[in-house]
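**Student:** Quick one: the structure is below, questions incoming.
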Amino acid sequence: MIHTAVVGGGACGLALARGLWQHGRPVRVYERAMASQLNGHGFLLLANGRAALRRLGCDPDGTLGHPITSVRILCRSGRVLVEHPLEGAVAMLRHQLLNVLLRGAPDHLVHYNHQFVRFDWHRDRARAVCFQNGQAHEADAFIAADGVRSSCRLSLGCGAMTNPGRVKEIVAHVRQPLVAAELGHRFLKVLDPSGGLAAGLVPLGDDRLVWFVQFDSERFIAPQPSEVGAFLEEHFRGFPAVVRHVLGATDPARAHVWHTVDEEPATRWSKGNVALAGDAAHPLLPFTSQGVNAALEDAVLLSGLLLDCRDAADLPDLLTAYERQRRPSLQGCVEAGRQMARAFVQPSSSRFQMPLMA
């Protein structure tokens, strides 16, 4: 029976682990943070991400998250530019998804406070994964799902992620019952017509909403954490009242400045019995909203392949097959995100895109 070690306890790592342990396969997850630090903000689960969750048995009745049925895009003045229907999308907070993926998990599935250091190799196979706390853990297969600034990817020599994205984000969630009720099931995005500045509001269905702002870092200097409040007040004072109200009601210390990366997928996604998954393999710009959805799809495919593996000697071919199946669609997501970023920085007055890749 194949024993699997997963580096990274985010959505991708936990989804992969779930796909294995619920079928009785031995798997352990090693996460660098402590359990109390795994909070985060929110995101949209799109139709493909929800389909992946259903395959993992997480959302059999389709009640997970708050349905988002349309996207409305406004000009900074408040004029409606366009409205699109949106099918199959739900909004939720990151910790809610992690809790769903952990539901029913065996004791000690996730080992926290495990900062990756290196793999211990013997010829062309990793024998163990080594951590900063001095521990080393052996396995047959190793899946690196340690996020957009993956130490595992760097260790494998698959290409460092050093190219910053031009468009940055600030994101937070806040309790605003009246605004959440007014939005209902609508994702609202407001654009500055000159380009390079936008705000979005996504209701969560329980008096809370997630908000984000996007800005062109070549025109607006990204704020330090202590400067977020001043940045929002200065640059969004001309936006509609609902946006200003939500931003002003949020404790700036609880907002996260997201320094995106604009990178090609890893030069290769596996080496021997080690594979990259999720953002570690293919970081995506935020415009597609596909980051977590693509990561869940990776996890479902990988767990299925590992379930079918009977001999550890087959792992290199199996992991190569995983990359061969996933790379084309993820390359398309990378290109779509870049095209959306270009349109955001220099918008066309005659065409307004969906602010996600549904």
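**Student:** Below 8 Å between Cα atoms, with a sequence gap of 6+, how large is the relative contact order for the range 129-215 in percent?
**Tutor:** Relative contact order for the range 129-215 comes out at 25 percent.
**Student:** Looking at the chain, send over the antiparallel percent of its DSSP beta bridges, to the nearest 5.
**Tutor:** Here the antiparallel bridges make up roughly 70 percent for the chain.
**Student:** Shape verdict for the range 41-153, please, from the Cα gyration tensor: rounded (a/c under 1.5), prolate (a/b greater than b/c) or oblate.
**Tutor:** Prolate shape, in that a/c is at least 1.5 and a/b is the bigger ratio.
**Student:** Give me the net charge of Pro85's neighbourhood, meaning all other residues with Cβ under 11 Å from the Cβ of Pro85; Lys, Arg count +1, Asp, Glu -1.
**Tutor:** In short, 0.
**Student:** Right, another one. Quick one: compute the contact order of the range 132-286, relative version, from alpha carbon pairs under 8 angstrom and 6+ residues apart, as a percent.
**Tutor:** Relative CO of the range 132-286 lands at 35 percent.
**Student:** Taking the Cα centre of the range 214-272 as origin, work out the dipole magnitude from +1 charges on Lys and Arg Cβ and -1 charges on Asp and Glu Cβ, in debye rounded to 20.
**Tutor:** Using Cβ point charges on Lys, Arg, Asp and Glu, the range 214-272 gives about 200 debye.
**Student:** Evaluate the relative contact order of the chain (contact order divided by residue number), counting alpha-carbon pairs under 8 angstrom at least 6 apart; express in whole percent. All intermediate terms of the calculation are to be shown ahead of the outcome.
**Tutor:** On the way: 750 pairs, mean separation 80.0, N = 358.
After rounding, I find 22 percent.
**Student:** Would you be so kind as to identify which of Leu330, Val292, Ala222 lies farthest towards the positive end of the dipole of the chain, taking Lys and Arg as +1 and Asp and Glu as -1 on Cβ and the Cα centre as origin?
**Tutor:** The listed residue farthest towards the positive side: Ala222.
**Student:** For the range 266-334, what are Rg and Dmax over the alpha carbons, in angstrom?
**Tutor:** 12.1, 40
**Student:** For the range 119-167, which trypsin sites (Lys or Arg not before Pro) are both in a DSSP coil and crowded by at most 13 other Cβ atoms within 10 Å? Before the final figure, lay out each step's value.
**Tutor:** Working: sites: Arg123, Arg125, Arg127, Arg149, Arg153, Arg166; in loops: Arg123, Arg149, Arg166.
In loop regions of the range 119-167 (DSSP not H, G, I, E or B), the sparsely surrounded trypsin sites (Lys or Arg not before Pro) are Arg123.
**Student:** How far apart, in nm, are two points set 7 Å out from the Cα along the Cα-to-Cβ line at Ser70 and at Glu264?
**Tutor:** 4.3
**Student:** Would you please classify the overall shape of the range 91-191 from the alpha carbon gyration tensor, given that a ≥ b ≥ c denote the square roots of the eigenvalues, rounded means a/c under 1.5, and beyond that prolate means a/b larger than b/c while oblate covers the rest?
**Tutor:** Oblate, since a/c reaches 1.5 and b/c is not below a/b.
**Student:** Under 10 Å, Cα contacts only: if you run a Gaussian network model on the chain, which one of Asn273, Asn48, Asn133 comes out with the highest mean-square fluctuation?
**Tutor:** Answer for the Gaussian network model of the chain: Asn133.
**Student:** Here is a further query. Just in the range 220-318: which trypsin sites (Lys or Arg not before Pro) are loop by DSSP and have at most 12 other Cβ atoms within 10 Å?
**Tutor:** Arg237, Arg310
**Student:** Here's something else I'd like to know. Tell me the net charge near Pro223. Cut-off is 13 Å between Cβ atoms, Pro223 excluded, with +1 for each Lys or Arg and -1 for each Asp or Glu. Walk me through the numbers before you get to the answer.
**Tutor:** Numbers: positive: Lys168; negative: Glu169, Glu227, Glu233, Glu234.
Cβ neighbours under 13 Å give a net charge of -3.
**Student:** In the range 185-262, if the dipole is taken from +1 on Lys/Arg beta carbons and -1 on Asp/Glu beta carbons about the Cα centre, which of Pro203, Val243, His185 is farthest to the positive end?
**Tutor:** His185
**Student:** Using Cα atoms only, what is the angle between the long axis of helix 11-21 and the major principal axis of the chain, expressed in degrees (0 to 90) to the nearest 10?
**Tutor:** Approximately 40 degrees, to the nearest 10.
**Student:** A further question on this structure: Using the beta-carbon distance between Ala136 and Asp311 and R0 = 22 Å, what value does 1/(1 + (r/R0)^6) give for FRET efficiency, to the nearest 0.05?
**Tutor:** Calculated value: 0.35.
**Student:** Same structure, new question: Using a 1.4 angstrom probe, figure out how much accessible area the chain has per residue, in square angstrom, rounded to the nearest whole.
**Tutor:** Roughly 44 Å² per residue, with all protein chains present.
**Student:** Follow-up. Using only DSSP helix segments of four residues or longer, with each worth -39500 (n - 2.57), what per-residue ellipticity at 222 nm results for the chain after dividing by its residue count and rounding to 500?
**Tutor:** -9500 deg cm²/dmol
**Student:** Right, next: Select from Gly57, Gly24, Gly337 the residue whose mean-square fluctuation is largest in a Gaussian network model of the chain (Cα-Cα springs shorter than 10 Å).
**Tutor:** Ranking Gly57, Gly24, Gly337 by mean-square fluctuation puts Gly24 first.
**Student:** Under a GNM of the chain (C-alpha, springs under 10 Å), which listed residue has the highest mean-square fluctuation: Thr63, Thr260, Thr288?
**Tutor:** Thr63
The values are calculated or read from the model by the stated rules, or taken from the named source; none is laboratory data. The structure displayed is predicted, hence computed values, not measured ones. Cβ atoms come from the backbone with ideal geometry, glycine included; neighbour counts cover every protein chain shown. The area values use the complete protein model at the heavy-atom level, side chains included, leaving out ligands, DNA and RNA. Shrake-Rupley method; radii C 1.70, N 1.55, O 1.52, S 1.80 Å.
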